[in-house]
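Reading through the structure tokens given below for one structure.
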Amino acid sequence: MNLASLIQILVLALSMLVFSCTPKGEGILNNKSSIAETVDNATKQAPFAYDIAADTISYNSCVNYVADSGSTNNPIPGLVIGVNEGFVTNNGNGAVKGGLKLRTAFLQHIGHYIKPQAPSSTVTPEQVQKVLQQSTANMGAYMQFSIRRKTDLTLNVDLISPGANNNINSLIPQPNRDAILFLQDLTTGFVGNMLTKEIKFTGTGTVLAEGSRTYNLSDTPDPVPIQASFGLNQTADETLPASTDNSNGNPEIKFGIAEYYSDIVRKKFNSTANDRVILTAVFGGKALDGANVTEETISQVRRQTSDVSKAFGRGYSLKFEPKVRNVAGWVNNVLSGTAVTEIDLSTGTTVQGAQWTCENFLIALPAHYDNKKLGEPTCSPLVATDMTEARQLAVKKIRRQQSAADWNIGLFIPKDTALGVTPQDRIANRANYQICVSPRRSSCYLPTTDIFSSAENASKDAGIQYDTSQECYLTAYNLMGANYTSATTPDAKRLLGRCANYLSVCTRSSTNF
């Protein structure tokens with residue numbers, strides 16, 4: 001037997017030995033999935049990765065006049081949500097509790113299925129970013145703040161600015177009005193680095209550190225708050241004369257009559273029926289680019305299951321109350337106490353460990369800020385001696401979303417003839433006065449002059465009714481259910497003064513990161 005024949009026999013024998021010792025289907029040649037395919041599937045099938053927690057919500061009940069031509073006088077956003085403080089725990093450990101981070105389930109999946117790449121002995125941030133980029137659940141995920149119906153998370157359409165199509169039955173959601181989208185890529189660049197740089201695994205894949213939350217979605221290290229503003233308090237008309245200000249026409253023709261539109265919005269938040277809406281921080285469908293964001297993009301949310309009431313993200317249920325009850329004109333326009341409930345939209349349950357506290361502050365007419373006229377109210381600018389610890393904290397909360405460029409802050413001092421206030425009281429008793437705010441670039445109030453129908457009142461100024469013990473004037477009082485006890489004529493109601501508006505600021509404290 002020659003050498004070539006011997007080699008052939010040995011190869012054949014070895015082949016038979018290998019195949020006879022290997023259970024069918026277990027060898028790499030018989031396996032339907034290669035090692036590379038298995039790893040690739042682990043990447044593609046990674047669970048949804050992102051979690052966002054807001055830490056500040058504010059609302060002001062200003063009624064911003066929008067002319068029929070569509071022009072605006074620097075309208076003040078009604079509702080603002082954001083990550084504005086970067087919460088620090090009371091024990092001072094510096095843990096940021098508001099912002100964007102990666103979910104525990106996602107990191108555990110990586111630790112279990114993704115193996116370290118040499119020369120590293122543990123999974124690296126770069127590997128985490130790769131999974132974010134290639135996993136089906138996370139591709140093209142863009143963060144957004146939006147207002148949605150609680151029952152099915154359908155996007156709520158703002159009726160004030162319906163776009164070209166004014167048919168109320170076929171309105172199309174408008175990007176960056178009905179939903180505020182953040183088109184930053186969450187998988188790479190500065191944001192991707194911030195989300196992954198502090199994540200640590202053991203060599204066996206156990207998650208040692210999940211990393212802190214980031215509250216900056218900028219493409220650079222310069223901080224830009226994750227924040228969104230919604231109108232919800234604009235109006236398409238100004239105060240009209242008595243003959244037409246409470247017409248029997250359909251109020252939806254102009255999408256709001258003075259304070260009536262804002263009231264409709266607040267009632268949707270307060271509703272216990274299927275039309276109830278909530279504020280949401282969710283992740284939308286794959287965006288195209290900044291110029292071509294579609295209705296589909298802002299309408300979609302990343303779902304947890306086929307249940308349309310569930311999605312990845314958080315919801316914020318708001319409960320509006322009146323500043324005072326059982327006094328005509330004072331409507332549900334403030335958030336106070338525990339008016340915010342935080343919801344995990346993936347389960348529909350309340351987020352454990354998260355608590356919201358709301359405060360509200362009187363909004364003074366701009367003409368009443370630093371008003372030195374005796375016999376008139378003033379929102380007196382703060383001085384150093386005013387700044388008690390409680391006031392310092394209140395100012396810090398206000399400044400989270402109300403900038404110094406847009407809002408003044410002071411102490412509200414009633415007019416001299418009310419409550420026994422004297423000019424001396426303005427100086428001596430400042431410790432007794434409450435903080436007030438006043439917008440710098442918009443009036444916040446509907447007109448108070450040239451609104452009367454009779455000649456005897458034509459030159460009068462209705463003013464603002466700051467005293468919550470007194471009835472106040474609503475333009476659409478018939479539609480809003482204001483039953484006045486003494487004022488019987490339209491002009492008599494106007495002479496009560498327009499109802500005061502308030503800024504509500506709600507902040508989050510949490511034991512849940």
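For residue 226, enumerate residues with amide H under 5 Å from its amide H, sequence gap 5+ or separate chain, H modeled in the peptide plane.
Placed amide hydrogens put 83, 217 under 5 Å from residue 226.
Less than 16 Å apart at the alpha-carbon level, and either on another chain or at least 8 residues along: which lysines does that give for residue 372?
Residue 372 reaches 415.
Apply the Karplus parameterisation 6.51 cos²θ - 1.76 cosθ + 1.60, with θ equal to phi minus 60°, to every residue of segment 144-153 and state each ³J(HN,Hα) to the nearest whole Hz, in sequence, with x for glycine and proline.
After applying 6.51 cos²θ - 1.76 cosθ + 1.60, I find 8, 10, 7, 10, 9, 5, 5, 5, 9, 6 Hz.
Tell me which residues come under 5 Å, amide H to amide H, from residue 258 once H is placed; ignore anything under 5 positions away on its chain.
Under 5 Å from the amide H of residue 258 lie the amide H atoms of 236, 237, each far enough along the sequence or on another chain.
Can you tell me which lysines have their Cα less than 25 Å from the Cα of residue 319? Leave out same-chain residues fewer than eight positions away.
Those lysines meeting the cut-off are 97, 150, 267, 268, 310, 396, 397.
With a 10 Å radius around each residue's Cβ, average the other Cβ atoms per peptide and rank 267-274, 434-441, highest first. Can you show the working numbers first?
Working: 267-274: 13.5, 434-441: 19.8.
Ranked from most to least packed, the peptides come out as 434-441, 267-274.
Lys and Arg at +1, Asp and Glu at -1: add these up for the other residues within a Cβ distance under 13 Å of residue 267 and post the number.
0
State the extension gain, in nm to one decimal, for the chain segment bounded by residue 454 and residue 274, taking 0.36 nm per residue of separation less the distance between their alpha-carbons. All intermediate terms of the calculation are to be shown ahead of the outcome.
Values: separation 180, 0.36 × 180 = 64.80 nm, distance 4.45 nm.
Separation in residues times 0.36 nm, less the Cα-Cα distance, equals 60.4 nm.
So what's the net charge close to residue 98: Lys and Arg +1, Asp and Glu -1, counting the other residues with Cβ under 12 Å from its Cβ? Mind dumping the intermediate values first?
Details: positive: 97, 101, 213, 314, 400, 508; negative: 51, 55, 85, 342.
Around residue 98, the charge tally is +2.
Peptides 332-339, 108-115, 481-488, 40-47: what's the order by average Cβ count within 10 Å, highest mean first?
Packing proxy ranking, top to bottom: 332-339, 108-115, 40-47, 481-488.
The numbers here are math on the coordinates, done by the rules we state, and not lab data. Just so it is clear, the structure is predicted and the values come from calculations on it, not from any experiment. FYI the Cβ positions are ideal-geometry reconstructions off the backbone, even for glycines, and counts take in every protein chain you see.
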